[in-house]
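Taking it in order: structure first as structure tokens, then the write-up.
What follows is calculated from the coordinates using simple rules that are stated; it is not laboratory data. Note that the structure is a prediction, hence the values are computed from the model and not measured. Because the Cβ atoms are built from the backbone with ideal geometry, glycine has one as well, and the counts that use them run over all protein chains shown.
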Amino acid sequence: MNITIAMDVGGTGIKTGVFDSDTRQMIGDMFERPSMSREDKQTILNNFADIVSHAISLAPSSQVSDLRMAFPNPFDYDTGTPYIKGNNKYDAIYGVNLPSYLNDALSINPRYGFLNDIKAFAEGEMSMHPEMREARVFYLCLGTGCGSAFSNRGEIEYSPCDGKYRNGEIYDYPYKDGILDQYLSVRGLTKIALDTMGEEYSGKALYDMVSEGNEDAKRVFDLYGEDVYNGIVPVLEDYKADIMVMGGNIGKSYIHFGKRLDKYLKDKGIQLYFTSNTSISAMQGLLTMYD
């Protein structure tokens, strides 16, 4: 049996699945390892090799036919080379060709495939929801960053709205006294918590506190929801979206911050989809790469 290893590479963790290359069925369960993205070059590279080696061990009698990664920008997706600098993640492997390193370290020679992480998520969502291939869709992942993608009738758009959102990314679009990423990511949520409650609570902690009836935590999500509404509605209107897909860890708290946005979506007839596991969607997107 030939296997395909699919990896969703994040700044804090790397989630990996092993799939039968023919049936695309996952073998065993997805597993997660720390990314070690802030460490030195050799530590980061050894970690990648260890993850791939463990994935191979899950199907010991098999041959690795494909190794695919969803990786954040800046990245050369044709060669498999990261060019991330100044984001406090993967800086130490700037310019390192990952296929060459992994081939030498593990004595493998699979077919490699690399996609932007949010674009992989979008491709995966379309593969699981065929109706999205007939619509204009905006994808939003709220977590450590503010990730986005756009698709029109099944095709990812890299310059939507006449190039207004470069590479389909809204994270660096101006908002208030900065950019959207500062306000819609976990940094924005924790800053509101600090300003409102005097402490930088995590999204999960805030979620739990709201569930327990904490009014201050509810106020934090209300204020965060205003930023999401004010930041995202112009994008939806610019793009004339038919569908919006919400993912990411903060997206799981939509029930606490999405009231105003939800009303807007219903008033405009925009369908809202949620994904419970962004990484599974990204892996499904990776599996469709050579269709």
Expected single match for touching a helix residue (DSSP H, G or I) at 6+ places or on another chain (Cβ under 8 Å), among the hydrophobic types (A, V, I, L, M, F, W, C), within 29 Å of Arg153 (Cα to Cα) and surrounded by fewer than 20 Cβ atoms within 10 Å (Cβ to Cβ) among Val233, Val228, Val245 is Val233
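Scan the stretch 235-261 residue by residue and report those that are among the hydrophobic types (A, V, I, L, M, F, W, C), under 16 Å from the mean Cα position of the chain (by Cα) and part of a helix (DSSP H, G or I).
Ile250
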Out of all the residues in the stretch 188-208, is one or more of a type in the set (Val, Ile, Thr) and within 21 Å of Glu125 (Cβ to Cβ)?
-> no
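Quick one: in the stretch 272-291, of everything that is in a strand (DSSP E or B) and free of Cβ contacts under 8 Å to residues at least 40 places away in the same chain, which residue is surrounded by the fewest Cβ atoms within 10 Å (Cβ to Cβ)? Outline the logic, then answer.
The first filter runs over the stretch 272-291 and keeps only residues in a strand (DSSP E or B), leaving 272-274.
Those still in the list that are free of Cβ contacts under 8 Å to residues at least 40 places away in the same chain too: 272, 274.
Working: Leu272: 14, Phe274: 11.
Restricting to residues being in a strand (DSSP E or B) and free of Cβ contacts under 8 Å to residues at least 40 places away in the same chain, the top hit is Phe274.
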For the stretch 21-44, enumerate the residues that are of a type in the set (A, V, I, L, M) and either within 18 Å of the chain's Cα centre (by Cα) or exposed (fewer than 11 other Cβ atoms within 10 Å of the Cβ) (or both).
-> Met30, Met36
Answer from Arg153, Arg187, Arg219 - the residue that is surrounded by fewer than 16 Cβ atoms within 10 Å (Cβ to Cβ) and within 18 Å of the chain's Cα centre (by Cα) = Arg187
